[in-house]
Amino acid sequence: MPSLGAEFALALDGLSLLFGLIITGIGTLITIYAGYYFAPHEPTERGEAEGRFFLYLLLFMTAMLGTVLAADVITLFVFWEMTSITSFLLIAYKTSHAASREGAFKALFITGAGGIALLAGLLLASALSDSTDLSKIVHNGDALRASEWYHVMLLLIAFGAFTKSAQFPFHFWLPAAMSAPTPASAFLHSATMVKAGVYLLARLYPAFGSTATWFWMLSLIGMSTMLIGAVIGLRQTDLKALLAYSTISQLGALTMLTGQNTPIAFKALVIGILAHALYKGALFMIAGGVDHATGTRDLRQLGKLWRAMPLTFAVAAVAGLSMAGLPPLLGFLAKESLLTSLLEPTDATITQLVQPAASVLAGALMLTQAAIVSIDTFVTPPGAGFPACFNRPSTSKNHSQHKHHVHDLPLGMLLSPIILGALSLVITTLQPEVVATLLAQAASTTYGNKVKVSLELFHEINLPLVLSGVAIGVGAGLFAWRSQARAVLHHLMLSMDTLYNAILDALDVAAQRVTQLQNGRVRRYLFVMLVAMLVLVVAFGELPRLLSNHILTESLATALQGQITPTEVLRASAMTLAVAASLVSVIIRRDLLAILAFASSGLAVAVLIALEPSPDVALVQAIVDILSMVILVLALSRIPQHQRRQAEALNKHPSISNRYSALLAMGVSLVVFLLSWYALASRPRISVVTPFYERNAKPLTGSADIVGAIVVDFRGFDTLIEICVFGTAGVGVMTLLRLAMKKAEASRLTDSGESENNDLEERSRLTLSNKLSGIDGLRTSPFVRMVARAAMPLSLMLAFVQMVYGHDQPGDGFTAGVTVSLAVGLWYVVFGYERTKQQLAAFKPPLLIGIGVLIVLLSSTSPILFGQPFFSPYNFGEALHLPLPHGFDLTTSLLFELAICLVVLGSAIFILDTLGRPSHMEE
Amino acid sequence: MMINSTDVVAVLPFISVALGSVGLLIADLLIPAERRHVTAWLAAALLLTAAVIALSLLGSPTFEAFGGMVISDPTAFFLDTLICTIGLVTILLTLRYNQVRGILRGEFYILLALSISGMTLVTHANNLLILLLGIELLSIPLYVLCGIARPRLESEESALKYFLTGAFASGFLVYGIALTYGASGTLSLQTAPAAPNVSGDPLLLIGIGLILVGLGFKVAAVPFHLWAPDTYEGAPTTVTAFMATATKVAGFAALLRVLHGGLPGMESTWQPLVAIIAAATMIVGNLAALAQQNLKRMLAYSSIAHAGYALVGVAAHDTTSVVFYLTGYAFTTLAAFAVITAIGSSEGEEMQFLEAYSGLGRQKPLLGAVLAIAMFSLIGIPPTVGFIGKYFVFQAAVAKGLVWLAVLGVLTSAMAAYYYLRVVMVAFIREGSAAAPLPTPSAPRNLAAAISVAAVFVLGVVPALLLSMIGNGMLSTTP
C-alpha cells in the first residue's frame, strides 16, 4: 500500500521470536487439547459448531502472530484489531448464554476503543517520524520524547496497551471474558492476547521509554493492577475467574517491569512472560478438564479429586508450584528476578520501598491462590476454606449428574498441560542454552542494549531471596487462614464493573440531553439555526469591526446633508409601506388578511426596485408577488374552516416561545440591517459591473436590454439549468398532489356501495353549481366575468409582446409566462374549476412543459446545423433572409424566451389546477 | 456565449443525466402503470451510462469551461462516478421495497435521476450561481421523494420538515452569495478573494460564513443538523439511504468546491470555523446516536457523526482524504440500509426498532453478516474501508497541526463503537425469535448488498485503487 505511506511488512527479532514461539507452541498444544475438549461434549453441537471454533482459533493465531511480527505501525494496528474481533467471536462462542454475550461485548468494546486510541497514538508518532516503519519510529526516540505531543502520544498508546492487557482500571473485561470456552481462555486470556499490550509497551520502549512520565505511569498502573488482581482473585469462587484475576495480577507485574528503566527489569520481563505463559496455560487447561469431568467450576463444590484424577492432580501441582513461585520451577526464577529488578536503585527512593513490598504481598497472594487451585480442588474436601458468608449454591442438577462418574482425563487432553508443566521444570533444571539465548535476545532487542540472562536458580543468599522467603511464608499463612481472609474481602467490594456501568449510564444521560434538543418541532430547529447563524456572523464575521468602520457614520452624514427630492419621498413612503405591511402580516390574526398584507409589502418592494431604476426586476417582483398571493389564497381555501379557526385561536395566546422567537427575529433583523447598511455604504460610487454589460450587451448578444441579455446570453448556462429546476419542481408538484388525489379518488370509488346513490346525487348537485359559479360555489357578477374573459387574450398578447421585444425592452419570457398564469388563475377564481378546465382545455401542463424543454434543446443545438458551435446565439431571421418587421428578430434568444414562458406557464397551471380543484372532488 | 465541444465534455455526466431524465419522463408515459419497474431499470441503465462516461473522463486534465462557470478535474469526475453509482445501488434497493409499499412509481426514478443531475453539476461548480442552481436542482426532487409515500403521515412530516428547513438554508446560501458578490464584484470562486481590497472585507467573510451555513445544512453538520433525524426516520427507507449517501457526498462536493477548489488564500480564515463545526458534529452526532433504539434514526445520527469526520478532512484542507472517506462511508451506509429495506412485513410496515433485529444473524446469516460488516466499517475496524477512511482524515488533521481534532475524532469513534456494536450484539448474540417477518427475497437488493460489501472490503484492502482515481484533489486553477 504505497499510497498509504504504509506497507504490509513483517520483521522478526528477539522479542518477536519469543512471542512467536509462545503463540505457535502453545497454540499447537491448545489445538490438540481443544480437539478432546469438544469431543464428548454436547454431541448435538458437533460438526459445524466445532469447526467454527477451530476456524476462529486459527484466525486468532494468525492475527496474534501478525501483531508481534508487524514491522509497520499500520500492519500492527490491523492485526491488533483483528485479535479483538476474533477474541470477540471466541468469547461469544456459546451464544445461548447471556453471560457469554455480555462478556464478549464488554471485551470488544473496551479493547476496540483502546485500539482506536492506539491508532491515534501510532499515527502521531509516525507523523513525527515521517514514516510508518516501526523500526524508524523506534529509532526516533529522542525526537519523540522531545516533541510537545509526547504526553498525548504516550497516553493514547498506553490507553491501547492497558485496555488490551487488562490493566486497572480497564481490567474488568477479562473476568467477564471467562465465559469463553476454556481452550480459548487458556490461549487468549493467559498466554497470548492479553500480553499484546505488554508486548507493545516493550516494543515501543526505545521510542517512548526512559522518561519520568513513562516510569511513573507504568509503575503505578502496573502495581495497582498487580495488587488489585491478586486481592480480588482470592474472593472468587469460580476456578476460571480466580485464574483470570491472577492473570491480571501477573500482567500488572509485567507492566510494572516495563516501566523500570533498567536492563535487569527486561530480563525479569522476558522470564516473567515465558513463565506465566507456561504455568497459566497449563492451569487453565486443567480447570477446563475439571469442569469437563465434574460439570462444575465452583470451588465450593470441588474437592478431593486427587483420587479420581491422579494424573491431573500431578500436573496441577507442578503448574501450581510454578505459579506459587517455588523452586525449582520457572515461576520462582521469575519472581526472583522481579524482586531483584525492583530493588535496583531508581530516581525515586520511595518506589524502592513500595514496589518490592507490593510485589511481596502480591507474591504471597499468588501462592495462596496457587494453593487454592491445586490443593483445594484436589486434596481438601469440598467447601473447605470458605466462610459462612459464601453461601454454597444448592447442588445443581448438572453437578449431581456428573458427580458419580468422575474419572481422570483422557491422556490426549492431559498431554498439553503435561508438556507445559514439564517445560516449567525442564528450563530451570536443565538450563538449556537455547532458551537462555532466546530470552537474552528478546530482552536485548527490547532494551536496546545487551542484556544477559542466565537461568541459574541460586546465586547466593541475598535480599531478593529473603523477600521471596517472606512471600512464601505470608502466602502459606494466608492459605491457612483463607477462610478468614475471604470473609474480610467479602465485605470489601472492589468492583470496576460498577464504575463501568456508571460511566455508561452517564453517557446515556448525556445522550438523552442531546436528543432533547430534537423535540420534533420545526420552530425549534429554525430557532437553533438562526441562533447559530447569529453567533457565526457576530463572532466569525467580525461584526464589531464592521460596526466600528467609519464608512457607516460617513454615509449617515452624507444622507443627512442630501436634498429631499420627490423620488426620495416616494421611496421613503414605499419603504414605510413595506415595513408596515410586513409588521401587520405578523401581528394580524386573520390568515387571509395576513396574506394580503404580506403581498402588499412585496408590491411596495417592487415600487422600490422600480425607482432604482430597474423596471425589469420590478416587473418580475410584482408579478411573482401577485402569483404567490393567488396561490396562497387558493391554498387557504382548501384548508377546512375549523382548522383555520383553530390556528387563529392559537395565535391569540402568545406563549413564551413566541416571545423568544420575537426577540430572535429582532436580533436577526438588526444584524441583517447592519449588513445591508454596510453593504450599501461601502459599495463603489461608480458601478463596476453595469458599464461592462452596457458596453457589451448590444454588440455581443444583439440585445439592448441588459437584464434580458444577462438572462439569456451572459448567463444563459444558468438559465438553462434554472429551466431544469423549474421543470423538476413541476414534476414534483405533480407527483405529490395529483397522484395522491387519484389514489384518494380511487379508494373513494371502491369504498362505499350503499351511500353511492346519495353520493351521486350530491355530486351532481355540486357539479351543477360549480358549472355556474366561481370558487367555493360563490356566484360572480357578470362584470367580473367580462373582465376575466378580456384578461385572457390581453395577457396572451402582452406575453407575446414581452417575448418578442423583451430582448430590447423590459420584460422577458418569465414575466410573460407568469402574466398568462395570472389570467388563468383569474379564470379559476371567476368561473370555477370545471368550467375553466373545459374552456382552457388547450393549456395542458405536461404538454406546455414538454414543448418548452424541447424548444430549449432544439434552439441550443440548432446552431450546429448552421455551422455554429452548440449554444451560440444565432439569428435565424437574418441567416435565412426572412422578411421580418423591424425590431423582431427570430433568434435563438427568442426561442429561449418562448421556452421559459411555456415552462413557467405549465408549472403554474399545474399548481393552480391542483389547488383550484374543489375539495369535494378529492375527498 | 460561445460554446465548443470541450465545454460540453466538462459537464457531460450532468448533461447525460439531465437529458436522460427528460427522456425518462417521456418514456414513463408510454409504460403501463403495472410495469413501472421498467422505468426503474431504464433509470438504472441511464445512471450506469453516466457512471461509465464519468469514469472514462477521469484521465482528462483540469480545465475550466463555459467561461469559467464550471471546472473539470479528476476529482470532480470521480465524484460524478461515485454519485451515479450510489444512485444505481439505490435503484436496486428500491425495486422490491417500493413495490411492497405501493410507491413503485415512474416519478420516483425520474426525480431520483433529476436529483442526481443536480449533484453532478455541484461537483463541477466553479461559480457561486452554478453551485446554488445545482443545490436547488438536487434538493427539490428530494423534498418530493421524502413525501412520496403519501398519505403516510410520517412521510409527509418528513418532507415538510425537510422542505421548511431546506428553504431556510437556501435563504442563507443565497444571502451569502449575494454578500460575497457585493463584496468582491464577482461570482467566480477563483477570483472572489483576489479582487482588490476585499481579502479582509467583513462582508466577504460574512458572505462566506453564510454560504457555509447553507452548505452545513446540506451535509447535516451541527448545529444545522436538526432536520436530519426526523427526515431520515420518516422518509421511505430507500430515499433515506439515498439522502444519507448521495446527498451527503454532493453537499461535501459543494463544500470542497468552495473551500478547497475556490477561495485561494483564505484557508486561515475558514479553517477554525470548519474545525469547530467538525468537533461539534462529531460530539453531538455520536452522543445522540447512543440513545437511539430505532435503527433508522440511529443511522441518521451516525450520518451526522460521519459528516463530522469528513469535516475534519475538510478543515485539514486535504481533499483526497475527504473524498475517500465519503466513498467508504457511502458504501458502508448503503450496505446497512440494504439490510433495513429487507426487514419488514409484507404489508409494508417497517421494522425499525432494534428489537426486531434480534436473532437476525441466526435466521438469515448472510443478511446478518452484511449488517455486522457495515457496523464494523462504521466504527472503523480493519480491514474495512471505514478504517482506512478514518486513518486518512485523522492523518491529514495531524499533518496540518489539528491534533486536538484528530484526538477528539478518535475519542468519539471509541464512543461510537458502543452503539454500533450493540447492533451486532442484538443481531447475532441475543436470543431472538422476535425478528420481523422477512419479505420474499429480492435479487436486485441482494446485488446491491453484495456490491456495497465488496466495495467495503476491496477499498479497505487496496485503497490505492481508489486513491489513483480520486487524483490530486480539487485543483485551484490559480496556483
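Nothing in this text is a laboratory measurement; each read-out follows from the coordinates by a stated rule. Please read these numbers as outputs of a predicted model, since none were measured by experiment. Using ideal geometry, Cβ is built from the backbone for each residue, glycine included, and neighbour counts are taken over all protein chains shown.
Of the trypsin sites (Lys or Arg not before Pro) found in segment A:72-163, not one falls in a DSSP loop while having at most 11 other beta-carbon atoms within 10 Å. What the phi angles of segment B:124-139 give under the Karplus curve with 6.51, -1.76 and 1.60, with θ = phi - 60°, is a coupling list of 9, 4, 10, 9, 4, 5, 4, 4, 4, 5, x, 5, 5, 5, 7, 7 Hz, glycine and proline written as x.
Along the axis of the charge dipole computed for the protein assembly as shown (Cβ charges of +1 for Lys and Arg, -1 for Asp and Glu, origin at the Cα centre), the listed residues A:ALA158, B:ALA427, A:TYR678 are led at the positive end by B:ALA427. Taking the charge dipole of the protein assembly as shown about its Cα centre, with +1 at Lys and Arg Cβ atoms and -1 at Asp and Glu Cβ atoms, the residue from A:TRP306, A:SER147, A:GLN369 reaching farthest to the positive side is A:TRP306.
Look at the stretch B:223-233: the mean tally of other chain Cβ atoms within 10 Å of its residues' Cβ atoms is 4. Taking amide H atoms as placed 1.01 Å from N in the peptide plane, the amide H of A:SER165 lies under 5 Å from those of A:GLY197, each 5 or more residues away in sequence or on another chain. Net charge in the neighbourhood of B:ILE83 (other residues with Cβ under 15 Å of its Cβ; Lys, Arg +1, Asp, Glu -1) is +2.
Relative to one another, the C-alpha centroids of segment A:158-231 and segment A:604-632 are positioned 74 Å apart. In this structure the amide hydrogen of B:ASN127, modeled in the peptide plane, comes within under 5 Å of the amide hydrogens of B:LEU189, none closer than 5 places in sequence on its chain. Packing-based ranking of B:393-404, A:663-674 yields B:393-404, A:663-674, ordered from highest to lowest mean Cβ neighbour count within 10 Å. Placing unit charges on the Cβ atoms only, positive for Lys and Arg and negative for Asp and Glu, gives segment B:5-470 a dipole magnitude near 780 debye about its Cα centre. The alpha-carbon positions of segment A:13-209 define a convex hull whose volume is 93 Å³ per residue. For the protein assembly as shown, just say rounded, prolate or oblate: build the C-alpha gyration tensor, square-root its eigenvalues into a ≥ b ≥ c, call rounded for a/c under 1.5, and beyond that prolate if a/b exceeds b/c, oblate if not. Prolate, because a/c is 1.5 or more and a/b exceeds b/c.
Summing Lys and Arg as +1 and Asp and Glu as -1 over all other residues whose Cβ lies under 11 Å from the Cβ of B:VAL122 gives a net charge of 0.
Pairs over the 31 Å Cα-Cα cut-off, from the set A:LYS240/B:LYS390; A:LYS837/B:LYS161; A:LYS195/A:LYS452; A:LYS195/A:LYS450: A:LYS240/B:LYS390; A:LYS837/B:LYS161. Annotation: peptides A:53-64, A:527-538, B:289-300, B:117-128, ranked by per-residue average of other Cβ atoms within 10 Å with the highest first, follow the order B:117-128, B:289-300, A:53-64, A:527-538. Let a ≥ b ≥ c be the square roots of the eigenvalues of the Cα gyration tensor of segment A:533-578; is it rounded (a/c under 1.5), or, if not, prolate (a/b larger than b/c) or oblate? Taking the square roots of the gyration eigenvalues as a ≥ b ≥ c, segment A:533-578 is oblate.
Would you please classify the overall shape of segment B:316-414 from the alpha carbon gyration tensor, given that a ≥ b ≥ c denote the square roots of the eigenvalues, rounded means a/c under 1.5, and beyond that prolate means a/b larger than b/c while oblate covers the rest? It comes out prolate by the Cα gyration axes. Given R0 = 60 Å, the distance between the Cβ atoms of A:LEU10 and A:LEU534 translates into a calculated FRET efficiency of 0.60.
Which residue, A:LEU17, A:GLY197, A:PHE208, has the largest displacement toward the positive end of the dipole of segment A:13-209 when charges sit on each Cβ (Lys, Arg +1; Asp, Glu -1)? Value computed over the given set: A:GLY197.
Measuring r between the beta carbons of A:ALA647 and A:HIS151 and using R0 = 41 Å, the FRET efficiency lands at 0.10.
Here the protein assembly as shown is assigned +1 on the Cβ of each Lys and Arg and -1 on the Cβ of each Asp and Glu. Its dipole about the Cα centre then comes out at about 2760 debye. Taking every residue in B:404-413 and counting other chain Cβ atoms within 10 Å of its Cβ, the average works out to 4. Computed about its Cα centre, the charge dipole of segment A:13-209 is approximately 320 debye, with only Lys, Arg, Asp and Glu carrying charge at their Cβ. In chain B, the calculated helix contribution to ellipticity at 222 nm averages -23000 deg cm²/dmol per residue, counting -39,500 (n - 2.57) for every DSSP H run with n ≥ 4. Among the residues of B:288-301, the average count of other protein chain beta-carbon atoms within 10 Å of the residue beta-carbon is 3.
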